[in-house]
1. For the stretch 165-198, which positions are under 16 Å from R226 (Cα atoms), of a type in the set (S, T, Y) and in a helix (DSSP H, G or I)?
2. For the stretch 138-154, what are the residues that are assigned to a helix (DSSP H, G or I), under 25 Å from the mean Cα position of the chain (by Cα) and not aliphatic (A, V, I, L, M)?
3. Against the condition at pLDDT 90 or above, among the hydrophobic types (A, V, I, L, M, F, W, C) and either more than 25 Å from T199 (Cα to Cα) or in contact with a Pro (Cβ under 7 Å, 6 or more places away or on another chain) (or both), how does A165 come out, does it pass?
4. Let me spell it out: the conditions are (1) touching a helix residue (DSSP H, G or I) at 6+ places or on another chain (Cβ under 7 Å); (2) open to solvent by 60 Å² or more (accessible area, probe 1.4 Å), and R234 meets all of them except one. Which number is the exception?
5. Which residue out of E195, E209, E188, E230 is over 24 Å from H143 (Cβ atoms) and among the acidic types (D, E)?
6. Quick one: which of S101, S108 is at pLDDT below 85 and farther than 30 Å from T160 by Cβ?
7. Check D207, D189 and return the single one that is under 15 Å from D132 (Cα atoms) and surrounded by 12 or more Cβ atoms within 10 Å (Cβ to Cβ).
8. Does L60 meet the test of being open to solvent by 80 Å² or more (accessible area, probe 1.4 Å), at pLDDT below 85, closer than 26 Å to L116 by Cα and out of contact with any Pro (no Cβ under 8 Å at 6 or more places or on another chain)?
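The values are calculated or read from the model by the stated rules, or taken from the named source; none is laboratory data. Here the structure is a predicted model, which means the values were calculated and not measured. Every residue, glycine as well, gets a Cβ built from its backbone with ideal geometry; the counts of neighbours run over all protein chains shown. Calculation scope for accessible area: heavy atoms of the full protein, side chains included, ligands and nucleic acids excluded. Shrake-Rupley method; radii C 1.70, N 1.55, O 1.52, S 1.80 Å.
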Amino acid sequence: MTRSRTILRGGVRAARDLLSPPTYGPLNPADPWRLQPGRDPRAALAHGRTQARRFAGVGLLAVLTLTALSFLGTLAVLLGIGVASGSDVAGWLLGATLLLSLIVIGWSVRRARRLLRAPTPDPLTLEAAPPDEQDLLRTLRQHERALPAPTLPALLGAVTATRDALRATAQVSTLTRDVFDARQAAREDLPRILETYQTAAPQGRDDRELTRQLRLIEERMARIAREQAEAQRRDQQAGTTYLRDKYTPPQD
């Protein structure tokens, strides 16, 4: 008996999950900044699972709806016989049965729409990321498949270094040279050199020159991130010194 009850609860829970639109946390736990020059099999697998779950939910909903309508239809026929026999109670029950059938149909239609219209998550986006960082990720996704393989490590290095520089300067309130260079690299320099390379004629494309440009951006962005980290450590050390001088009792 206990085992049957456990199985029944598990079935009810599984049915409830299938009939509810999927809720998504981070779909792809992998780093979205990694290179994806080909089709990502994990993204395809996740998309397939989402679609399978969606259609399984619609199928289960259809089965449950047809079962309920079959029962209500049979009940309506029996109550119709009672109405034909002159029973007022059967008439009221027939009206309630028809109303319940409409409610079941309306609920099923709304639930099916929710299942079919549930958004499919995009594993290549960053939730709640600053605009510059999102644009930088789009730049990586846009150009990684079009560039030749020898230049891809330089592209990834420049993009991730620029991302780190943007994060390191995010809390700087004044427009310093480091802040300006990090934003300029993300908004203009990287997109410009990549567009220039791709729009050039094949005989005019110099892979070594593109790699050299990307390395220059990477070196500058890495230096910005490193200097900002050092500045933050100095600020923390200054705060420690201040608190020690303030709260340490004087020695007699």
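1. The answer is none; no residue qualifies.
2. R138, T139, R141, Q142, H143
3. yes
4. It is condition (1) that R234 fails.
5. Details: E195 fails: over 24 Å from H143 (Cβ atoms); E209 fails: over 24 Å from H143 (Cβ atoms); E188 fails: over 24 Å from H143 (Cβ atoms).
From the options E195, E209, E188, E230, the qualifying one is E230.
6. Within the list S101, S108, the selection yields S108.
7. Just a single option satisfies the conditions, and that option is D189.
8. Values: open to solvent by 80 Å² or more (accessible area, probe 1.4 Å): no; at pLDDT below 85: yes; closer than 26 Å to L116 by Cα: yes; out of contact with any Pro (no Cβ under 8 Å at 6 or more places or on another chain): yes.
Considered against the rule, which asks whether it is open to solvent by 80 Å² or more (accessible area, probe 1.4 Å), at pLDDT below 85, closer than 26 Å to L116 by Cα and out of contact with any Pro (no Cβ under 8 Å at 6 or more places or on another chain), L60 comes out as no.
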